[in-house]
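Chemist: Structure below; questions to follow.
No lab work stands behind these numbers, since they all come straight from the coordinates. Note that the coordinates shown come from a computational prediction; the quantities given were computed from them, not determined experimentally. Using ideal geometry, Cβ is built from the backbone for each residue, glycine included, and neighbour counts are taken over all protein chains shown.
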Amino acid sequence: MARIPKETVDQIIHHADIVEVVGDFVPLKKKGQNLWACCPFHHEKSPSFSVAPAKGLYKCFGCGKAGGVVQFIMDIEGTSYVEALKYLAKKYGIDVQEEEKTPEQQLAQNEKDSQYIISSWAKDHYHKLLLKSDEGQGIGLSYLRQRGLNQTTITTFELGYSLDQWDDLLKTAEQVGYDRKYLEKTGLVVTRTDDAGQDTGRRYDRFRGRVMFPIHNISGRVVGFGARTLKPNDKTAKYLNSPESEIYHKSDILYGLYQARQAIRAEEVCYLVEGYLDVLSLHQGGIKNVVASSGTSLTDGQIRLIKRYSDNVTVLYDGDAAGIKASLRGVDMLLEGGLNVRVVLFPDGDDPDSYIRKVGDQRFQEYLNSQSQDFISFKTKLVAREAAQDPVKKAEAIRDVLQSIAKVPDPIKRQVFLQQTSAAFSIDEQVLITEYNKLVRTASGKAAGGTSPAPASPALPTPTRQQLAVPARPLSDEEAAEMLMYGATPEELGEAATKQEVEPIEDVLAVCEREIVRLLLLYAPQLLQPEVTVAHYLLAQLEETPLRTPIYADLLHLCQEEMNEGRWPDVRHFIQHSRGDIRALVSDLATEKYELSPNWSTHQIYVPRELDQLQIACDNALLRLKKETVQRELDQLQQELRDATDPAAVDKILEALMLYKRLDNELASHLGTVIPRRA
């Protein structure tokens, strides 16, 4: 991934005003020191989304989203850290000069940039032909109007038309100075070869006499085209797509996602259709959270794209039975990807495009709401109907449904689906569980290259770590930080929007360490005594008690690095850190849901603040950390005592136990409380 120099990153963060940036997406209203709005990431009626200008921080107390200005762009746009920085740089007019690349890297980047440029130019050329040329207006625009598309939709999706000529695009591109090489690399121009496969030297346009559908990547850049012929009795394919290129990988693109991404987040569901016109008609009808696989089989890359914006996907099928069967494997992949999958089936002969034009926008939306059903139930009904009274077919149908259930990562959902399947087929649930176990065991054996042992009992198999890690819901930043706290890697958490769910684990030591780094982060420059700051006091006390929780130890190290550079640790700095887990942790540590009402001081009611009692807070945090460390040493010594057999070793352990016990009592005395021992 390209790197942006630290000086440029600092400049971007310095200029980026979080109130201004967030305000581009949601209306903010001031309440106390912060600004509030309804969260742009989930539905809510009363505002729980807060922006703290003083800290450069946003936080939703409903869904848990939190971070700084860079994280907000990552969350709202679904971009990477570098892409978010570039977005902000463009907004504030900051020139981004990426760090020097090797000659090979620079050449590869130049090649890609040239292909992006030529693709964007071709999009504009086709769009102009559609709207301005006689052929474009008479054939292309007329066709789109017949399909019910208005000018707004045509402009939003930048639709176009290619003239029915062999080399219109080629000639025009060369006239304005574009290199033929990049026309060929993007597939816009085709090289004619002879029977032996040799280049004849002739070139011609790939797309001729077709309506053009530009295909955008997630950042809005044109990477390819889909094209529909309008010639009657044309022997060529009805739809023709750009070939794979350095900038266009079909498996990583969903048509319409660039236009739909914000609506998918807002509606918390993605509608998945098959064709370009399905997307266009639904988008025009007010259903903007819709994307298409463009007639290709669904891929893992496309599923990951959907999951960046929502865990919920609804697949819209036409009434063609053969088409539905062909699509079932793709839906199994959606399940395996951890998505909650629902299905809507349209009447025979209708697809989403034709049906919305037939019944209108409002009735179409009502149909979606009333006919949506979860995929397992849909598949169960489908295969059960086909099996009818044939016992052999019924058994195969049941196994087919169980194969889909096995793709669901969430063990609770699997159990519910097994119960539903049991009722639908009128078969004992325990029989289904036994058969399910056989399927899982067989699949595991094939994956491992051998035969796995059968489960000890016919209950549901114990879920794997990977299955447990797939989320049933988005995690809050605190939960994500806790995952890291207990050993999960950032890769297991995934990118910003794909945080994962694990069982909460109580760890007293981690809680103590968390409090230390919170105080250090929030109050580093505050004086406790003359010439003794919170930062110097805590760091001096921690020299003999290193933090053991990786995420807290990392944050402490970053704070120390800042002080070594002559700067105080600052929330506004760490909230923009390149590591997502650091951003999430700092966001959570620095966020306060409630503010002290100014009415207290108005009525001369004194309420002590943490800032006024920092010495006590720091002392208590350090004492609790040291007491927990001592208690762990006591636990270890007691275990060694149970295992010891040599009398001399027993005496040595008992001596150490007495020493640590006295220290434990002294710490408890200083704290003024007795902390219960762990079980």
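Chemist: Lys661: which aspartates and glutamates have alpha carbons under 20 Å from its alpha carbon, excluding same-chain residues fewer than 8 sequence positions away?
Modeler: The qualifying aspartates and glutamates are Glu544, Glu628, Glu633, Asp635, Glu640, Asp643, Asp651.
Chemist: So how do Ser294, Ser578 line up by other beta-carbon neighbours within 10 Å, fewest first?
Modeler: Sorted ascending by nearby Cβ count, the order is Ser578, Ser294.
Chemist: Based on Cα positions only, what radius of gyration and what Dmax would you give for the stretch 67-116, in angstroms?
Modeler: Cα radius of gyration and Dmax of the stretch 67-116 are 13.2, 36 Å respectively.
Chemist: Turning to a different aspect of this structure: In the stretch 1-49, what trypsin sites (Lys or Arg not before Pro) fall in a loop by DSSP, with at most 15 other Cβ atoms inside 10 Å?
Modeler: Within the stretch 1-49, the qualifying trypsin sites (Lys or Arg not before Pro) (loop, at most 15 other Cβ atoms within 10 Å) are Arg3, Lys45.
Chemist: Before anything else, pin down the relative contact order of the stretch 193-235: Cα pairs under 8 Å, at least 6 apart, normalised by residue count, whole percent.
Modeler: 29 percent
Chemist: Along the principal axes of its C-alpha atoms, what lengths does the stretch 357-412 span, in descending order and rounded to whole Å?
Modeler: So the three principal-axis extents are 43, 31, 15 Å.
Chemist: Please rank Glu336, Glu7, Glu628, fewest neighbouring Cβ atoms within 10 Å first, as an exposure proxy.
Modeler: Ordered from fewest to most neighbouring Cβ atoms within 10 Å, Glu336, Glu7, Glu628 come out as Glu7, Glu336, Glu628.
Chemist: List Leu188, Leu131 from most exposed to least, where exposure is judged by having the fewest other Cβ atoms within 10 Å. Please list the in-between numbers first.
Modeler: On the way: Leu188 28, Leu131 17.
Neighbour counts put them in this order, fewest first: Leu131, Leu188.
Chemist: Let me ask you something else. Write down the Å³ per residue value for the convex hull defined by the alpha carbon atoms of the stretch 6-91.
Modeler: 88 Å³
Chemist: Based on alpha-carbon positions alone, could you give the equivalent ellipsoid semi-axes of the stretch 324-446 from the gyration tensor, as √(5λ), descending, whole Å? Let's see the in-between values first.
Modeler: Numbers: eigenvalues 174, 54, 34 Å².
Sorted largest first and rounded, they come to 29, 16, 13 Å.
Chemist: Aspartates and glutamates near Lys250 by alpha-carbon distance under 17 Å, same-chain residues fewer than 8 away left out - which ones?
Modeler: Glu274, Asp300
Chemist: Classify the stretch 103-247 as rounded, prolate or oblate, taking a ≥ b ≥ c as the square roots of the eigenvalues of its Cα gyration tensor: rounded when a/c is under 1.5, otherwise prolate if a/b is larger than b/c and oblate if not.
Modeler: oblate
Chemist: Now for a separate question. Sort out for me the Cα centre separation of the stretch 626-674 from the stretch 332-346, rounded to whole Å.
Modeler: 55 Å
Chemist: Based on alpha-carbon centroids, what's the gap between the stretch 245-302 and the stretch 56-114 in Å, whole number please?
Modeler: So the two Cα centres are separated by 23 Å.
Chemist: Once Lys and Arg get +1 and Asp and Glu get -1 on their Cβ, which of Leu144, Gly160, Tyr126 lies farthest toward the positive end of the dipole of the stretch 103-247?
Modeler: Leu144
Chemist: Scan the stretch 154-233 for trypsin sites (Lys or Arg not before Pro) in coil per DSSP, keeping those whose Cβ has at most 10 other Cβ atoms within 10 Å, and list them by number.
Modeler: none
Chemist: Filter the GluC sites (Glu not before Pro) in the stretch 537-567 down to the DSSP loop ones having no more than 15 other Cβ atoms within 10 Å, then list what survives.
Modeler: Qualifying residues, ordered by number: Glu565.
Chemist: Please compare each pair in Lys6/Lys45; Lys123/Lys288; Lys45/Lys307 to a cut-off of 30 Å on the Cα-Cα distance and tell me which ones are over it. Display every interim value, and only then the final one.
Modeler: Details: Lys6/Lys45 40 Å; Lys123/Lys288 22 Å; Lys45/Lys307 25 Å.
As for pairs spanning more than 30 Å Cα to Cα, those are Lys6/Lys45.
Chemist: In whole angstrom, how long is each semi-axis of the equivalent ellipsoid of the stretch 540-585, when you take the square root of 5 times every eigenvalue of its Cα gyration tensor and sort them from largest down?
Modeler: 19, 15, 7
Chemist: Need one word for the stretch 192-244: rounded, prolate or oblate. Basis is the Cα gyration tensor (sqrt eigenvalues a ≥ b ≥ c); a/c below 1.5 gives rounded, then a/b vs b/c decides. Could the numbers behind the result be given before it?
Modeler: Working: a/c = 2.87, a/b = 1.34, b/c = 2.14.
It is oblate, given that a/c is not under 1.5 and a/b is not larger than b/c.
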